[in-house]
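The values are calculated or read from the model by the stated rules, or taken from the named source; none is laboratory data. As the structure is a computational prediction, the values presented were derived from the model and not from experiment. Cβ coordinates were reconstructed from backbone atoms using ideal geometry, including for glycine residues, and neighbour counts include every protein chain displayed. When the accessible area is computed, the model is the full protein with side chains, heavy atoms only, and any ligands, DNA or RNA have been set aside. Shrake-Rupley method; radii C 1.70, N 1.55, O 1.52, S 1.80 Å.
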Amino acid sequence: MSKSLNQVFLPVIGGTALALSAALLFANMDYGQKKIGSLEKRVEQVSLQAETANKRADEEAAVVSELRDKIAEIQEAAAARQANAADLTEVAPGNDGKLGLGREAQPAEVAAWDVDVLPDGRGLPEGKGDAYWGEEVFAEKCASCHGDFAEGVDNWPVLAGGFDTLGDKDPVKTVGSYWPYLSTVWDYVHRSMPFGEAQTLTADETYAIVAYILYSNDLVDDDFELSHENFAEFEMYNRDGFVIDDRPELEYAKWRGEPCMENCKPSVEITMRATFLDVTPEDGGESVMNHATADDTPTFVAAAPSTGTDATATEEAPSAAASPSVDPALVAAGEKVFKKCGACHAVGVGAKNKSGPHLNDLIGRQMGSVEGYKYSKGFVAANEEGRVWDEVALAEFLAKPRSYMKGTKMAFSGLKKQNDLDAIAAYLKSVGE
Amino acid sequence: MDAKTRTSRRSFLKGSVAIAGASVAGAASATETDPLITEIQDWASITGAGVDETPYGMPISFEKDVVRRNVEWLTASPISSINFTPIHALDGTITPQGCAFERHHSGAIELRKEDYRLMINGLVDKPLVFQYTDLERFPRENHVYFCECAANTGMEWAGAQLNGAQFTHGMIHNMEYTGVPLRTLLNEAGLGAAGDLKDKWVYVEGADASSNGRSIPMEKALDDVLVAFKANGEALRMEHGYPVRLVVPGWEGNMWVKWLRRIEVSDMAVESREETSKYTDVYENGTARKWTWVMDAKSVITSPSPQMPIPHGKGPLVISGLAWSGHGKITRVDVSRDGGITWQTARLGRQGDTKALTRFYLDIDWDGNPMLLQSRAMDETGYVQPTKQQLREMRGENAVYHNNCIQTWFVDENGVAENVEVS
C-alpha cells in the first residue's frame, strides 16, 4: 500500500520543482510578458495540482494507517485465538440425539453374519463329528496345504505337534501346542477355511475336522466325537500360556527419560551384516539392492581416550573366490537356491545360529554338533552315533527332510530337483569353509 | 580414531574423490559448458502431452521403481501375504495410496458401494444395518494416522536380514483419513443394552473370505477409532478395504479391518485366530504375551539406506528419516553417525501429529568417512526407542511382532549402505 502511494506522490513533487525553475529561467531571458504570464499561470496550475495530490496523499496515508491498525487488530485476535487454542477445527458432533440413519437389522440377517464363537462356546451351532470321519474330510478339504497329518506343506501352517517347544529357540506354534481356546479353531475353520472356499463347511464337517486336528495332536483317540454338547469341557494344552500385555510395567517404566548423547559406549563393532544372508529380493530395476563393497568394516570408537580399547577392523566379507575344483556357475545357482534356506540358516564368515544351525563347515561336520543349537531328538541321536554330514547324506536329507530325519525341526518340505541339490552343496562348500 | 581406521581413511578418500569426479562430469565443470543448457532440447521445442492423456495420472515413467515390493519366501501364497511401501524413496509424511503396503489374508476383493452393508449387533439397543450412503450422512472427521503391521521389522529379530529400509520397515503407511467416529455409530445403535461399558468389547469383522476379525476394548472404540471411507482425499483403494475400513490409531495394523462389514458389542473378547495364534509373542520361558495392541515409538533413516546410496561423495548431505509412536506425538529424534556412541538431535520437518508419521532431517557436511547411521525416537510420554539388545534382553529372540529396535545402516566410504547389527 505505502509503496504504491510513493509512486503517485513523488513524481508530482518532482514535476512541480521542475516547472518552477523553468519559469525563472525563462523570465531572466527576457521573454515576452505574455509568455511569462502563461507560464505563471501554468506554475499556479501545477502548484494547485501538487496541493491536491498532497491532500490526497494525506488522505490515503490516513487510510493506510487505518488499515494497518486493522491488520494489527486481526493479527492480535488470531494470536489470541491461537493462544487460547480456540481454533475453528472441532471434532464432529456426536449424536446423543439419534440421527435415525440406517434400518433395524432383521433377526435372520444377524443370524447369517453373526457366526463367531466365543471361548465359552456361545455361538456354536448344534452338531457333531468324530475324528475318524474328520480324517476323511480333512484329507479332501485341508490336506493339500496342511498335509495329511496336519504337518503343513511348504510355508503353509503346521497344525500338529510342537509340544514343549514354546521355550525353545524355534518354537513350533501349532493348534495343539499353542492355541489357547478350542473355540478359536472351530470359529476359524468354519468361517475362514478352506482357503479359497471359505464358509462352505457344514457344522458337522467342522466338528469332525476339529476333532481330527485334536487327534493329529495326540490329544484324543480316533473315535473321539466332538459336539456342541461336550465342546465346553475340552481344555486346550496351552490355555494358561498367555499373559496380557505387560509392556507398561516391564518396559515403558524403564525406557523413559533423557537418553545418553555422548560417549554412550566405548566402541562399536559390526556384529552382523545382511549381505552375508542375501535373502533380499533383487527385482525392481534401478534400485536393486546395493551391497556394501568394503572388504573390512571399521570399528568406531568414542572420542574420549578413556577406553584403551584396541579397536581393530573386524570382519571380512565372504570371499567370492572358491576353490578351483568348484564350478562357479553351480555355486551361483546354489546361491539362488539358498534363498529358500536363508530365513532359518546362516552361512559365511561370522554366521550364527538362527532358527536353524549355522552351516559353516557343514560337509565333514558331525551331525547335531553345532554348539548352542538345540537339536531335535533325531539329530541328538545321530550325533551320539557319530554320524557325519557328507554330500550323499546332505542330498538325501534335503530331498525329503522329514523322512530322512524323523522329528526334525526343519519345516522345509524338501528340494525336488537334483540340480538344486547339487547346486546347494556346491554353494555351501564355497562359502562355508 | 585409531591407526587402522586412519590408514583406511586414505583409501576411502581416494574412493570418494573418484565418485565426486564422476558426478560432476555430468554437470559440467567451471570451464566446460553444459549441452543441456547450450543446446536446444526436444522438450523445449516440441510440444508435450495434452490434457486428458491420463484421466487419472500415474507417476512419470522415470519413477517406475518407486513401487511396493514383496519378499516371496516370507509367505506361502501372495493371496495371503504382505508387501512393502517404498519408504526409502518417499519424502514428507503422506504415503500415496498406490504405493502403500498391502496385507491380505484371502486376497483383495472388489466390493461395490451399492453392495456394501455394515451391521451393528450384539449388546446394542437396536441392531442396525447401514448402507454406504448412510455413512456419508453422519458428521465426519479428518485425521492423519500411521498404520503399521505388527510384523514390521519382524524378520530382523534374529539378526540383520533384509537389505533395504523398504523391506525392514516398509509395512507402514500414513494417510489422511475421512470417516465417521466409531462412537457415533455405536451411539446410533444405542449402548444402553451393554450396561457398564468398562468391561465390554467391540468385535469388528471384514467382508472378505478371511473375515478377519479382532476384539477392541470399548474404551478404545469410544476414543479415536474411525470408520473411514476416504484416504488422502479420494476413495480407499481396493487393496486397503474399499469402500470402508476401520482406522484404529496407534494400534497394530491387523486391527484396521478392511471391507468392514460387522461391529458386534460383546461382553468378552472373541479370542479369534488373529488375536491368539497370531499377533502374540512367545517369551524364552515359553509363555506368550497377548493383546499387545499399541505400536511403540520407532524410527528409521530412509536415506541414506541400502536402496538409497549417497550418490555425490563428500560434502553437504541430507540424512532423512521417519519416526512415529502409537502413544502420541513424536517430540524428538536423535541421530548417531558412529553406531550409538554420540548422538545429535535432528530437525523435525514439521511438528509431530499424534499417532502419525513425523519426518526428521539431519543436514551434515559428510567427510567421506564410513558411518554407522542410527536414529532414536522419543514420544510425548518420554519413551525412548530401545536398542535391539534391550529388546532381546527383555523378550528373547522368539518374538515375531513389535520389533521397534534402533536400526543401523553401515555406510561405506563410497556412500553404499548395508543393513548391519552392531555391538
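Things worth noting here:
- Loop-resident sites, region B:320-397, for trypsin sites (Lys or Arg not before Pro), counting at most 14 other Cβ within 10 Å (DSSP): B:Arg350
- Between A:Ala329 and A:Lys377, the contour length at 0.36 nm per residue exceeds the Cα-Cα span by 13.6 nm.
- Area of A:Met272 that stays accessible when all protein chains are in place (1.4 Å probe, Å², to 10): 30 Å²
- A:Glu76 accessible area, 1.4 Å probe, all protein chains in place, Å² to nearest 10: 130 Å²
- Take every pair of alpha-carbon atoms less than 8 Å apart whose residues are at least six positions apart; their mean separation over the length of region B:81-289 yields a relative contact order of 26 percent.
- Between A:Val43 and A:Gln418, the simple spin-label model (points 7 angstrom out along Cα→Cβ) gives 12.1 nm.
- Shape of region B:81-289, Cα gyration tensor, a/c cut at 1.5: oblate
- With a simple spin-label model that places each label point 7 Å from the Cα along the Cα-to-Cβ direction, the separation between A:Glu90 and B:Arg237 comes to 3.6 nm.
- Distance between region A:374-406 and region A:30-50 - C-alpha centres, whole angstrom: 121 Å
- Unit Cα scatterers, Debye sum, chain B: log10 I(q)/I(0) for q = 0.08, 0.11, 0.13 Å⁻¹: -0.51, -0.89, -1.16
- Percent accessible area from carbon and sulfur atoms, the protein assembly as shown, protein chains only, probe 1.4 Å: 53 percent
- Diffusion coefficient, µm² s⁻¹, Stokes-Einstein with Kirkwood Rh over alpha-carbon pairs of region A:115-233 at 10 °C and 1.306 mPa s: 112 µm²/s
- Exposure of A:Asp222 as accessible area (Å², to 10), given a probe of 1.4 Å and all protein chains: 70 Å²
- Summary value for region B:298-420: 33 percent relative contact order, contacts being C-alpha pairs under 8 angstrom separated by 6+ residues.
- For the protein assembly as shown, the solvent-accessible area with a 1.4 angstrom probe is 47 square angstrom per residue.
- R0 of 41 Å, Cβ-Cβ distance A:Cys260-A:Val153: FRET efficiency to nearest 0.05: 0.25
- Surface burial for A against B, with a 1.4 Å probe and both sides summed, reaches about 9600 Å² of accessible area.
- Cα gyration tensor, region A:368-411 - rounded (a/c under 1.5), prolate or oblate: oblate
- Paramagnetic label zone (point 7 Å from Cα along Cα-to-C-beta, B:Val318; backbone N under 12 Å) in region B:334-355: B:349
- Cα gyration tensor category, rounded, prolate or oblate, for region B:298-420 with a/c compared to 1.5: oblate
- A:Lys98-A:Asp69 pseudo-label distance in nm [points 7 Å out on the Cα-to-Cβ vector]: 5.7 nm
- Considering helices alone, the calculated mean residue ellipticity of the protein assembly as shown at 222 nm is -8500 deg cm²/dmol, with DSSP H runs of length four and up weighted by -39500 (n - 2.57) and normalised per residue.
- Nearest-0.05 FRET efficiency for B:Arg112 and A:Ala108, computed from C-beta distance (R0 30 Å): 0.85
- Relative contact order %, chain B, counting alpha carbon pairs below 8 Å whose residues are six or more apart: 17 percent
- Among beta bridges from DSSP that stay inside the protein assembly as shown, the antiparallel ones total about 90%.
- Two-site FRET efficiency, A:Lys55 against A:Asp246, from Cβ-Cβ distance with R₀ of 56 Å, rounded to 0.05: 0.10
- Using the Stokes-Einstein relation with a Kirkwood hydrodynamic radius computed over Cα pairs, the translational diffusion coefficient of the protein assembly as shown at 20 °C and a viscosity of 1.002 mPa s comes to 68 µm²/s.
- Region B:341-360 and region B:166-244: distance between their alpha carbon centers, rounded to Å: 27 Å
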